[in-house]
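Data first, discussion second: the structure below is written as structure tokens.
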Amino acid sequence: MHVTGHLPFSGFEQSVADDELSSVRFSVYDDPEAWAAFSQPVDKHSQAQVFQSFMVVKGMSCAACALTLETALGRVKGVLAVQVSAASARASVTWSAAQTQPSSWLNAGLAHGYQLLPADDAVSVQGDRQQSRLVLWRWLVAGFCMMQVMMYAAPTYFTQPGDITPDIEKLLRWASWVLSLPVVLFSCGPFFSKAWRDLMRRSISMDLPVAIGIGVTFVVSTAATFEPQGWWGREVYFDSLTMFVFFLLTGRWLEQRLNSRTAGALGALMQRMPAGVQRQLPDGGFEHISSRRLCLGDVVRVLPGEAFPADATVLSVGVLADEALLTGESQPVTRDRGDSVLAGSYNVGSAALVRVDKLGQDTRYAQMVALMARATLDKPRLALLADRVAKPFLWLVLLAAAGAAAFWWRTDPAMALMAAVAVLVVTCPCALSLATPTAMLTTAGFLARHGVLVRRLQAVESLDAVDTVIFDKTGTLTEATMRLKAVQTRSGVSGNQALQWAASLARHSLHPVSRALVSAAEHLPALAVSNVKEFAGLGLEALCDESSPHAEDWSGVLRLGSRSFCDLNSHLTDSHLNDSNQNNSNLNGADMTLGRVHLVDSQGWLATFELTESLRRDAGAAVAALQARGLAVYLLSGDSSTATSRVADHLGIQNAQGDCLPQSKLAFMQALQAQGHKVLMVGDGLNDGPTLAAADVSVAVGAAVPLAQAQSDLVLPGAQLSMLPVLLDQSRRTLKIVKQNLAWAAIYNAIGVPLAVGGFLPAWLAGLGMALSSLLVVVNAARLSRFKTDA
């Protein structure tokens, strides 16, 4: 955690000046070209100019800080929605460019003590290092002074009254006071600065009760040092004060380090793009430029160990690319001249030349980063509940401290002071607020490293209750790439002619069948069609252009799709077919299914295309593993019942249905949900969109069409089905750790508060308990990143 956004050794006046400088610097983000680097349009086709910006937040120290920042930004005119995560220190701001500018809401955050920076801003990395050094310096000063103060306080622990002469006792007190000054003025600077901001803006965070406790203890101890016979008595608490600050800073420093290794793993995955690249000049030389200056068509040299800066075409031979994050493929893949490489993948071979094809938000990597960025801000139900409790709980802390002081005041003012301070310190809601998001983000980082992208953290919580899995077939249990086996046509029509027209329609679809037809027709010129319409789960319809070759052989509307969509009679037999063009390739053992797609015009049947597809190599093991965990597995497919049954029989799935329309898939799943089942839907196609949206948890597989990804909770870019049982196991383990964390937070407060009110808990021990409570939650969550799997 970063406890302050100020420069090292700066006082209050310096912090104000720093804020003014930052405010001026924020104005550069009002340039549309500048905000485009960290903002995305909510709807590219809308004229409303609404953007979503992803930011890193500096200065948060607890969950209440996240709520305070959300409130502050939400009050800015033009800001439509705000999400802030204390665990990941990230924020999402949705705003209207017609009503506000980035500098407005950036300054609103700064006014409350929080600095927001673009997630990929280089200043953010430098600031992290400065803040880490500053936190370490504060901790070292507190630790050194604590040891010295304890040394001066030790004689009073082991001697009887009168054993130490008054002048020596006074000297020891003065020495303790002098050594406590650096702790209060420097080490405690962030607490007082943040508490002052809270008071000025009538908000509250955990730093306020901590600052009150530190301030009261120091003032009373100072009064007792200067006036031992005064109203506050002669007791001093410099030892408790310095120990408390040291333990608190220790906990926050360790928590910061652990967060950077666990929940922060997502951030590391999101910052793989190189800052600079080597662009080839017209004379064959190279110049080093910023990645942001790249243009489409530029030729770039990528050295071994560097990430490819864009989606690009390989111009070298034998390039090795590590695409583990993007596709889930654990081994480097070979890319030869003319092949494509993905932005964010690493060159693990020799230096390679590539030509830039896609940049920025158009790359697959950018789309995946957007998914992960949203995931870090998502708040599951348990986390939302903890956030709602955190801020009211802080007000109860202040009331409880006042009550403890009032209870002890008449009998023992010194005890009243220590009881109030202990209550202020020990009742920290940080453990409660961190219990869920820290575990969820750690799991999201673990899954991302294994090729699974979490779009909604709530899915991690919901997976624990799943008892039923529904699979789509084509592109999910089978490979996304299908192959054309044979073409059968009516008399007078050649196979190439039929394939030309079918591919002309198929180019307007992302369905695996369409991609197979387009691939098979690569050697044939495209023909013109118009008014192309795609009917999800059924097929395509278009008008043929009269100017196209052989247009006289066709009549009006063309349809490409299933038998029912093409309105073909079930008694279509071989006597109607002319096998004018067949590719009778032999099928291997994995080619379990044969599918047919038909082409018709206004006169009737034109052609039938027979397609073959292969099962994914890990489909059988994944289905068996899910069934072994007690889950019911169903297969629903839009393909024929025969093809669907073949796949189901080979995989051991007893419940399978073919010829399913999108509506029938949705109705089937809703019937299961009505019976009380929790359903996990796994699919990749356009016709899976409604079912993915309505499922309790949904997974989009492979190169899923955009609609399928938009409706899903998790994405498997590499279609590694073996990760499905791992998802379930990790979800159950995550929920177990969340419950452990919540139980610990509840037990800690249930024990600590009565002890503090009763005067049995000194301030230093309360500080130690506060630090250990948050630290234990983070350490427990960190275990999720080391989950071992055979997948």
Report task. Give segment 491-522 a look and list any residue that's open to solvent by less than 50 Å² (accessible area, probe 1.4 Å) and assigned to a loop (DSSP other than H, G, I, E, B), or say none. Result -> VAL493, SER494, SER509, ALA521
Report task. Go over the candidates LEU484, LEU477, LEU441 one by one and state the one that is aliphatic (A, V, I, L, M), open to solvent by less than 20 Å² (accessible area, probe 1.4 Å) and touching a strand residue (DSSP E or B) at 6+ places or on another chain (Cβ under 7 Å). Result -> LEU477
Requested in this report: Scan (1) touching a Leu at 6+ places or on another chain (Cβ under 7 Å); (2) of a type in the set (S, T, N, Q); (3) within 30 Å of GLY718 (Cβ to Cβ) for the single condition GLN500 breaks and write down its number.
Outcome: (3)
Query raised in the report: Any idea which residue in segment 603-653 is surrounded by the fewest Cβ atoms within 10 Å (Cβ to Cβ), counting only those that are among the polar types (S, T, N, Q) and in a strand (DSSP E or B)?
Result: THR612
Report task. For THR71, indicate whether it is more than 11 Å from SER53 (Cβ to Cβ) and either in contact (Cβ under 8 Å) with a residue 12 or more places away in the chain or part of a loop (DSSP other than H, G, I, E, B) (or both). Result -> yes
Requested in this report: For residues that are open to solvent by 10 Å² or more (accessible area, probe 1.4 Å), within 22 Å of ALA400 (Cα to Cα) and aromatic (Phe, Trp, Tyr), tally how many sit in segment 173-230.
Outcome: 3
Requested in this report: Could you grab me the full set of residues in segment 464-489 that are in a loop (DSSP other than H, G, I, E, B) and touching a Gly at 6+ places or on another chain (Cβ under 8 Å)?
Outcome: ASP467, ASP472, ALA480, MET482
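Listed here are the residues, each with its yes/no results for (1) at pLDDT below 65; (2) among the aromatic types (Phe, Trp, Tyr); (3) open to solvent by 40 Å² or more (accessible area, probe 1.4 Å).
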residue	(1), (2), (3)
ARG364	no, no, yes
LEU377	yes, no, no
PRO392	no, no, yes
ALA401	no, no, no
TRP409	no, yes, yes
Report task. Scan segment 523-540 for residues that are open to solvent by less than 40 Å² (accessible area, probe 1.4 Å) and either under 13 Å from TRP501 (Cβ atoms) or free of Cβ contacts under 8 Å to residues at least 40 places away in the same chain (or both) and report the count. Result -> 4
Requested in this report: Return only the number of the condition from (1) modelled with pLDDT of 80 or more; (2) part of a helix (DSSP H, G or I); (3) within 30 Å of SER92 (Cβ to Cβ) that LEU116 does not satisfy.
Outcome: (2)
Query raised in the report: Any idea which of THR573, THR593 is β-branched (Val, Ile, Thr), open to solvent by less than 50 Å² (accessible area, probe 1.4 Å) and modelled with pLDDT under 80?
Result: THR593
Query raised in the report: Among (1) at pLDDT 80 or above; (2) assigned to a helix (DSSP H, G or I); (3) farther than 19 Å from GLY718 by Cα, which single condition is ALA444 missing?
Result: (3)
Report task. For segment 675-683, indicate whether the set of residues that are over 31 Å from the mean Cα position of the chain (by Cα), at pLDDT 80 or above and surrounded by fewer than 24 Cβ atoms within 10 Å (Cβ to Cβ) is non-empty. Result -> yes
Report summary line: Over segment 727-777, the set of residues outside any helix (DSSP H, G or I) and open to solvent by less than 50 Å² (accessible area, probe 1.4 Å) is GLY758, GLY759, LEU761, PRO762
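The values are calculated or read from the model by the stated rules, or taken from the named source; none is laboratory data. All of these numbers come straight from a predicted model, not from anything done at the bench. Here the Cβ is made from the backbone with ideal geometry for all residues, glycine too, and neighbour counts use every protein chain on show. Quick note on the areas: whole protein, heavy atoms, side chains included, nothing else; ligands and nucleic acids left out. Shrake-Rupley method; radii C 1.70, N 1.55, O 1.52, S 1.80 Å.
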